[in-house]
Amino acid sequence: MSHPSHLPQDLEFLLKGLERRIADISHAMEKGKKVLDTADLLRLAAWDVADTGLCIVDENGLFVDVNPAYTRIYGYSCEELVGRPFTMMLPEASEAMGKKALKDFFDNGGEPVMEWEARKKDGTLFPILATAGLFKDEKGTKYKITSVMDISRSRKERDLHQRLGFIFENLKEEIFLINPDTLCFEEANASALNNSGFDLNTLRSMAFWELFIGAEGAVFKELVAEMESCSEGKRRFQVYICRRDKTCYEAEVRLQRIRTEETCVIAMLVRDISESMETLRALKESEENLSEAQQVAGIGSWKLNRNTEILRWSRQMFRIMGLSPDGSPPDFASFLKQVPEKDHAHIEKALDAAWNEGEAFQLEHGVFVKGELRILSVMGRAIRDDQGRVQHLVGTSQDITEKKKAEAELHKLTMAIEQSTNVVFITDRHGTIEYVNGVFERVTGYVREEAIGQNPRILASGETRPETYASLWETILSGHTWRGDFKNKTKGGSFYWGKGLITPVRGLGGEIVHFLAIQEDITEKKQAEERALYLETYDVQTGLLNRDSFIRRLDGEFSGTGAGLLIDIDGFKLVNDQIGYARGDQVLRALIRTVHQVMDARLAADRWFMGRFGGDQMALFIRNMGSAEALALGEEIRRQVEAKRFEDSGLRLTVSAGLAMIPEHAGDAATLLAVLDAALGKAKELGKNRCRIFVPKDREGELKRATFHKKQRILDALAADRFEVWYQPLLHLASRKIFHYEALVRMRETDGSVVLPGAFIQAAERHGLVGSIDRVVAQKTFVLQALLEKQGRKISFSMNLSARDLADAGMAAFLQKSIKESGADPQKLIFEITETAAIQDMDRALDFIRQMKALGCRFSLDDFGVGFTSFVYLRELGVDYIKIDGSFIRKLHERQEDRSVVRAIAQMARELGIMTVAEFVEVPETLEILSGFGVDFGQGFFIGKPAPAALAFSRIPVQP
């Protein structure tokens, strides 16, 4: 048996108070007293209605008396216990120890609050909390009074509350931690800070005795020294404490030395006893009030007269009811007015039984206190006069509102966790799993017994980068919540995706003691996204990049050098006709593997990429390769394919290839593909099974035909209103919100396919049609902006203007008129121009910018950083934004030189008051780097792809 370290301190004060009350009760039971006066009756009533078990044992260990609560706890009647040994309440194994403890008690005096294992009448063993006091009667006979509390339920609830971290938050006692070397305060809980009025920094500069009125440091230094030298390591005393606002209160202070393996600290527990001491002093004048006021702190006592229905309340009862203790209590009818009507019948039934049958009662009911509904736990018992008639009811009332709320919240929390559709688990500070819910078991395949005691690493897929784990631990150990997605592995080895959060749970001292993880199983969503992304990027049959993805990759290669190859399988249509399309696809995949083998044998994987351009065509691009090397590579591919035997039948195939170089033959993707197609056509014209590097003569006929064809396609699309505007979001990096989009043109073909600008813009510029296209884009964007504005959606747009637009004398007037007619907000419109377009006619460009800015529009300088004159013209153009060229952004997370350029541009722009936009943001690492540099906006596929208006704005919230 030992003093439990987790004992609530309020309980210890309660039990000590009961010792004094019991001693007082014994006086009322003096031998030979025939008639009990009112004070005696109240003492006996207090003995009877106490909810704590009380017993009196003589020196022989025989019961002298027990109260009703004691019999309820053990299941015996009073008659079954009086005169019998107290050891019948102990397990057989503890009887000898109990007898020895009784002898030590009578020899040495009182004993502390202890936990025992006790035995009920039915043999059930259960835990109790007990303390005892010694008193003598007038003859000097010694008796032991023991108070007992069944803590079976409270122990379970306590353990659960400790796990969920509720204890410290609800602790009302003031706790200070003292440095044993300096004797200055180190820490204090919320109750201590609130009651003292001092902040923690101020307390840390104070020796602990500086809180006490009239305290001498030497005295308390000596007290601490004595405490350190004794084995118990405790001291208790009463002092007056001065708050920061100079008000004072009487307090009981306990000092306790606490040692761990790492440290030593002195805990100072302060209990404000001002009210209780004031009550005790006042109740010394009234013996009747003394027995009522010395109940349990927070429990009010009352007495109801049957004839007059007058209530008498203790001071605590006044406080419970929200009334001044100096006032008069209401009569019973007035009291009922504070009780909800639904509880009236419940109360009246209990009182009727008490008045008529003398039955004790216990019930719970609501009461309105200053307009707030509170819940009271009430116990009462009838008091009879000399003729046995019930004249009074006495009892206690306790406000259990917070307890009920805590129980309800605990129940809700437990049910929510168990019934949640999400994976939930709790770990200790070091990551050891302590709890998992049912969903965890179903999703991961680990049952609760297998998971508890393990580290969440049992779920690791092996695909998460170390820096992600480092960021996670840094976040949660600093007290913040981490959010993100994880790819996990089940017990069976399959993978699943979890989207969720990990949040720290703090303990009694505010330190992190647990981590709570909640994950939503998003496996199906991730698989669907991955499948959609794959289908959007790759050719299903071959696994190669599809045409659009290849062109997007190709768009970013024109700042360097390289070679393009367009490979066509000679006569492949006949092969499909002969062996069927299913086997033809197998042959195609085998041929592609042959090409891969050639490429892998000669080049690193990061130097080239390949895409499928049609049923029998593949395109390759190789970085940093000259024409001679490219031709040799093409010939090697041709030879390997020619030497290969496909299918069991020994099918032989040949390929033709067109080659072209950048920048020699093309400056953009559309041109490169055109010249590759021309070179390939010439190779086939010359007999197939050959490679040919492009020469200008290859395009003479093709260019004439293509130019006329493209011009006609553009004119037809303009006439049929088949130019669409798609919108790509820009992310504001500081707020991580999207409220700006770029308008991008797309041409819809008659077959419903969508053509990217790279395939028609050059032709439009060559034939003077780009201005007409820009007008369509502008008008549709203006109308959309006005519509969104009316819906409360605060969205701004940027759109491109060509050099022809700046040179067009009527363009500014057209735009101004269109803005006014559409009702668009000019301040939400931004026009993107390139440096090259502006410097062709600087005066006209400046005039155009001035006219549009006068209306409220703003301007952005596109492709910034690639021209050495950019910094010269930046100030003259007076732009509001600069868009950093994508060639610096695409590999920002890999190239230090790119990071240096972007950092310098961002710093320069800030100093000039110009906003910055970074395009081609394709990975999360790039986004974080840009945020660190102070770039204002990010744009790219990682943030969002271009989409028609109906899709782009379907999820934008209405803003106030």
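Nothing in this text is a laboratory measurement; each read-out follows from the coordinates by a stated rule. Predicted model only: the values in this text are computed from it and were never measured. Reconstructed Cβ throughout: ideal geometry from the backbone, glycine too, with neighbour counts over all protein chains shown.
Things to note:
- Sorted into 5 angstrom bins from 0, the C-alpha pair distances of the stretch 420-527 split as 2, 12, 23, 27, 20, 11, 3, 1, 0 percent.
- As a rough guide to protection, the peptides 781-787, 309-315 ranked by mean Cβ packing within 10 Å, highest first, stand as 781-787, 309-315.
- Length-normalised contact order for the chain - Cα pairs under 8 Å, 6+ apart - percent: 5
- Karplus-derived HN-Hα couplings along the stretch 850-857 (A = 6.51, B = -1.76, C = 1.60, θ = phi - 60°), whole Hz, x at Gly and Pro: 4, 4, 6, 5, 4, 7, x, 6
- Reachable aspartates and glutamates, given that their alpha-carbon falls under 17 Å from the alpha-carbon of Lys820 and they are not under 8 places away in the same chain: Glu789
- Computed over the stretch 769-944: relative contact order in percent, which uses C-alpha pairs under 8 Å that are six or more apart: 15
- Centre-to-centre separation between the Cα atoms of the stretch 594-665 and those of the stretch 767-835: 45 Å.
- Calculated log10 I(q)/I(0) by the Debye sum over Cα atoms at q = 0.05, 0.10 Å⁻¹ (choose from (i) -0.70, -1.36; (ii) -0.57, -1.23; (iii) -0.43, -1.24), label: (ii)
- Distance between the 7 Å Cα→Cβ label points at Trp473 and Lys737: 3.7 nm.
- Available extension along the chain between Ile400 and Ala759 is 121.6 nm, counting 0.36 nm per residue and deducting the alpha carbon span.
- Straight-line cross-link partners of Lys525 among the lysines, defined as a Cα under 25 Å from its Cα and at least 8 positions apart when in the same chain: Lys487, Lys489, Lys491, Lys499, Lys737, Lys945.
- Burial ranking of peptide ranges 527-540, 811-824 (average Cβ count within 10 Å, highest at the top): 811-824, 527-540
- Semi-axis lengths, largest first, of the ellipsoid equivalent to the stretch 769-944 are 28, 20, 14 Å, with √(5λ) applied to each eigenvalue of the Cα gyration tensor.
- Bridgeable lysines around Lys370 (alpha carbons under 16 Å apart, same-chain partners fewer than 8 residues away excluded): Lys337.
- Helical contribution to [θ] at 222 nm, DSSP H n ≥ 4, -39,500 (n - 2.57), averaged over the chain, rounded to 500: -12500 deg cm²/dmol
- Of the peptides 579-589, 674-684, the ranking by mean beta-carbon count within 10 Å, highest at the top, reads 674-684, 579-589.
- The trypsin sites (Lys or Arg not before Pro) of the stretch 874-960 that meet both conditions, a loop assignment by DSSP and at most 13 other Cβ atoms within 10 Å of the site Cβ, are Arg895, Arg955.
- Cross-link pairs Lys234/Lys405; Lys103/Lys221; Lys99/Lys136; Lys711/Lys853; Lys121/Lys342; Lys526/Lys891 - those with Cα-Cα distance over 30 Å: Lys234/Lys405; Lys103/Lys221; Lys711/Lys853; Lys121/Lys342
- Once the Cβ-Cβ distance of Ser334 and Ser152 is raised to the sixth power relative to R0 = 41 Å, the FRET efficiency obtained is 0.55.
- Taking Trp473, Trp726 and counting other C-beta atoms within 10 Å, the order from fewest to most: Trp473, Trp726
- Beta bridges per DSSP, both residues in the chain: antiparallel share near 85 percent.
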